[in-house]
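Only the coordinates and a few stated rules stand behind these numbers; no lab work does. Only a predicted model underlies this, so the values are computations on that prediction, with no experimental measurement involved. Glycine also receives a Cβ, built like all others from the backbone with ideal geometry; neighbour counts cover every protein chain displayed.
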C-alpha cells in the first residue's frame, strides 16, 4: 500500500483509534498445555512459558533474562522469536521509544524468517507469522505509520484465514482472527467496500463468537480471548454486568500483574468510576522487576483533576512529563496543567502551560488534537471565562462525581453562554449528568437541543454527534430500534470534529448489533 492509499482510502486511518486495544493481543494464556511439546519444531520449555507469563505482567526484565537463557540452548526455536517480538511490543507501546522502534522493525524480518522455517504441516507456522505481523502493525500504528501498519494487518488477516482453512480444528487461530473480524466489522459503512476489495471479511458478531469459542474450547488462550471480548465491549460496544464484574476480579486474582491493574483502572475510568479506579491504581505492583510505566502518573493526574484536586493533579502531570520520553499525551498533559491553574483562578500562571501545548508533543491521539485546538483558540481569545463552569462539570462527570457536577451546572443556564458551541456543550453536559444519574427521560430534551445547535455548523458538531450517540444507546436499551438506528446514523452524519473516528466506530458497531 502506498501513501496515496491513506489519502484516498481514509478507512485505513480508523485503525489508530484501536491503539487503546493494542495490549489486547497475545496476553494472558491459561495454564501451560503439555500437548504443545508434541511439536518438536516448537519447544514450549518451562522457562519460555514462564517468560510468556512474565511479559503479560509487564515484568519485562525478568522475561528477557529467561528468554536469553533459553536462546543459548536453542537459538532456532521459533517460540523465542515470537516472545522477542511479543516483549518488544509491550515495551514500545508503553515507552514510545523511537530508537527502540527502529531496532524493532529491523529485527522483525529476522523473526519472520525464523518462524518461516517451520514446516507447512505445523499450524503454528502461519499462526506465529500472523501474530508477529500484528505486533508490527500495532507498533507502527502507535508510532504514526498508519499505511504500513494497515498493510501488516491485511497480511496477518490473510495468514490467519489460510491457517483456518488448512487447520480448521486449530482453535488458537480464532484468537487473533476473531479480533480482526471485529475490527473489520467496525469500519464505517461508507468504507466497507474498501475492505471487501482487499478481501477482508468479517463482522462484530462473528468476531465475538470466535473469541467465545476460544474461551470455551481452548484452555491455553482462554483468559486472553475473554479479555479481548471484555475490552472490545468496554471501548466499542456496551459491557454487561458480568463483564464489569470480571474486570474487577482479575487484579485480585493476580495481584502481581501490573497490566491487569492498568486495564481495570482505565476501564473503570471510562465507566465514570474514578474513585474505584484509583484503588486499583494504588494497588498496582511496582519495582525493578517491572518495566517503568510513567503513564500511571498521568492517570493519577486525571483522577485528581476530576475530583477537583487541582494542586495534586498538577503535580502528577508534571511528574509524568519528567519521567516520560514518549510523544503522546504531551500536549494533553500541558493542557491539563493549564486547566489546573485556570480553573483554580490562577490565570497568569496558567498561561505558562498553554503556550507549551502548541510547542511540544504530537497530534496522533484525539486528546492531543483537542488540546492543540483549544490552546490555539484560547491564545486567540476565543475561549471565554464562562467556559470554566463547563470544564469543571465535564471533569466531575468524567470521574463519576455526579452530585458535584450537578451542583456546578445548576449555577448556570443556556442563557449564561454566548456562543452556539457553548450552548450546545451546556445542553450536552446537563443531559450527560441526568443520564448518568438515572434520569433518562429528563435528559432526552437536552440531547436533542444539543443536536439542534450542532446542526448550525458553528463548531458544535462534536457535542451534537456525542448527543446523538447517547440517544441511540438510550433507545437501543428501550428496544425502540427504529429511533436507535436513526440516532446512530445521525451521530455519524456530523463532519470534522475531534472525536469523529471514535463516535463513528461506536455508532457503526451499535448499528451492526441492530442488524443494520
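Remarks
- Counting only Cα atoms, region 370-516 measures 46, 32, 25 Å along its principal axes, largest extent leading.
- 0 to 90° range, to nearest 10: angle between helix 78-95 axis and the chain longest Cα axis: 20 degrees
- Each part gets one Cα centre, and for region 283-325 versus region 372-402 those centres are 21 Å apart.
- Estimated distance in nm for a label pair at residue 359 and residue 325, the labels positioned 7 Å out from Cα along Cα-to-Cβ: 2.3 nm
- Calculated mean residue ellipticity at 222 nm for the chain: -22000 deg cm²/dmol, from DSSP H runs with n ≥ 4 weighted as -39500 (n - 2.57), summed, divided by the residue count and rounded to 500.
- Largest-first ellipsoid semi-axes for region 243-291, taking √(5λ) over the Cα gyration tensor eigenvalues, angstrom: 19, 12, 8
- Every Cα-Cα pair in the chain was counted, and those over 30 Å apart are 50% of them.
- Helix 388-399 vs. the chain, principal-axis angle (Cα, 0 to 90°, nearest 10): 40 degrees
- Counted residue by residue at 0.36 nm each, then reduced by the alpha carbon distance between them, the extension gain from residue 439 to residue 452 reaches 2.6 nm.
- Computed on region 178-278, the Cα convex hull volume stands at 116 Å³ per residue.
- Cα long-axis angle, helix 295-307 against the chain (0 to 90 degrees, to the nearest 10): 30 degrees
- Which of 291, 351 has the fewest Cβ neighbours within 10 Å, and the rest in rising order: 351, 291
- For q = 0.13, 0.22, 0.24 Å⁻¹, Debye-computed log10 I/I(0) when each Cα of region 436-498 counts as one equal scatterer: -0.31, -0.83, -0.95
- Value of relative contact order over the chain, rounded to a whole percent, pairs C-alpha under 8 Å and six or more apart: 12 percent
- For region 53-170, a Kirkwood radius taken over Cα pairs fed into Stokes-Einstein (20 °C, viscosity 1.002 mPa s) yields D = 145 µm²/s.
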